[in-house]
Amino acid sequence: MTLEMIFEMISRAFLLMLPAYVSSPGAVISHGKIPVDMKKNFFDGKRIFGDGKTIGGLFIGTILGFLAGVAVHFALRATFPGIYGGFLNIGLISFGGLFGDLMNSFIKRRVNIERGGKLPVLDQLNVVFGSWLLCFIFSRKWFLESFTLPIAIIVLIITPILHRIANIIAYKIKLKDVPW
Ligand code: CTP
Ligand code: MG
């Protein structure tokens with residue numbers, strides 16, 4: 001395997017996940033107000049998702065992630081022809097990332113981690129698991145063809161790194177109160 005092939009695979013892994021890498025920070029800048037759980041509690045008396053997950057965040061984030069994927073689709077169709085296999089898949093990756101983030105908050109509330117608290121590993125990878133799950137359910141053939149084992153491994157390695165960098169930047173420009 002040549003160095004060029006390795007760079008090609010890292011680029012492909014990054015581009016495949018890009019809609020999710022954009023939808024998550026997209027939700028953060030949305031300034032959404034209405035919580036997805038409408039302030040309701042779960043059976044355990046704790047919030048379903050908490051105030052950090054808003055409807056506006058889901059909408060704005062999904063749209064921004066979708067637009068990023070569409071831009072890549074057109075801008076790079078010579079280098080990565082048909083990388084997303086269709087616009088539906090771009091939407092699945094974009095929304096799936098936020099779906100994973102929502103599930104992460106659901107789990108956090110169940111184990112008594114308050115809004116903004118840390119849950120190692122899942123905090124870094126919920127976006128990946130969420131988009132993979134939705135792609136696996138709704139677009140399995142394309143998902144299995146695109147996320148080959150090497151590509152999936154690259155995604156699992158680069159996502160926590162990108163997550164860390166993004167959160168440090170968000171903290172420094174005062175978008176977030178904590179650097180995680
Ligand atoms: N956000 C939002 N809607 C979403 C996701 C995020 O409005 N669906 C915004 C919220 O203002 C949130 C901020 O982005 O506080 C940071 O997102 P995140 O770190 O995921 O949420 P936390 O506030 O840390 O809450 P949690 O502990 O539930 O993850
Ligand atoms: Mg957080």
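The values are calculated or read from the model by the stated rules, or taken from the named source; none is laboratory data. Computed from a predicted model, the values in this text were never measured in an experiment. As a convention, Cβ positions derive from the backbone with ideal geometry for all residues, glycine included, and neighbour counts pool all protein chains shown. Accessible surface areas use protein heavy atoms only, side chains included; no ligands, DNA or RNA. Shrake-Rupley method; radii C 1.70, N 1.55, O 1.52, S 1.80 Å.
Looking at the range 104-152, the accessible area is 55 square angstrom per residue; that uses a 1.4 Å probe and ignores ligands, DNA and RNA. Of the residues H163, H31, H73, the one that moves most in a GNM of the chain with alpha-carbon contacts below 10 Å is H31.
Note on the chain: Kirkwood hydrodynamic radius from all Cα pairs is 16.8 Å, rounded to one decimal. The length gained by stretching the chain between A71 and L144 to full extension, at 0.36 nm per residue less their Cα-Cα distance, is 24.0 nm. Evaluated over the range 32-148, the count of Lys pairs having alpha-carbon atoms less than 24 Å apart is 15 (only pairs 8 or more residues apart or interchain). Each peptide in 102-112, 42-52 gets a packing score, the mean of other Cβ atoms within 10 Å over its residues, and the list from highest to lowest is 102-112, 42-52. Taking L92, L67, L144 as the candidate residues, the one with maximal mean-square fluctuation in a Gaussian network model of the chain, Cα springs under 10 Å, is L144. Placing +1 on the Cβ of every Lys and Arg and -1 on the Cβ of every Asp and Glu, with no other charges, gives the range 38-154 a dipole of roughly 360 debye about its Cα centre.
The portion of the accessible surface of the range 81-180 made up by carbon and sulfur, rounded to a whole percent, is 72 (1.4 Å probe; DNA, RNA and ligands excluded). Stretching A166 away from K40 to a fully extended chain increases their span by 42.3 nm, per 0.36 nm per residue minus the current alpha-carbon distance.
The orientation-averaged projection of the convex hull spanning the C-alpha atoms of the range 1-86 amounts to 8.0 square nanometres. With the simple model of a label 7 Å out from the Cα in the direction of the Cβ, V111 to M9 spans 3.1 nm. Centroid-to-centroid, using Cα positions, the range 77-91 and the range 1-60 are 20 Å apart. Helices in the chain, meaning DSSP H runs of at least 4 residues, each add -39500 (n - 2.57). Divided by all residues, the mean residue ellipticity at 222 nm is -22500 deg cm²/dmol.
With a Förster radius of 35 Å applied to the C-beta separation of K33 and M1, the computed FRET efficiency comes to 0.10. Between L122, G65, L16, the Cα set farthest toward the positive side of the dipole of the range 1-129 (charges on each charged residue's Cβ, about the Cα centre) is that of L122. Build a GNM of the chain with springs between Cα atoms under 10 Å apart, and of V72, V121, V28 the one that fluctuates most is V121.
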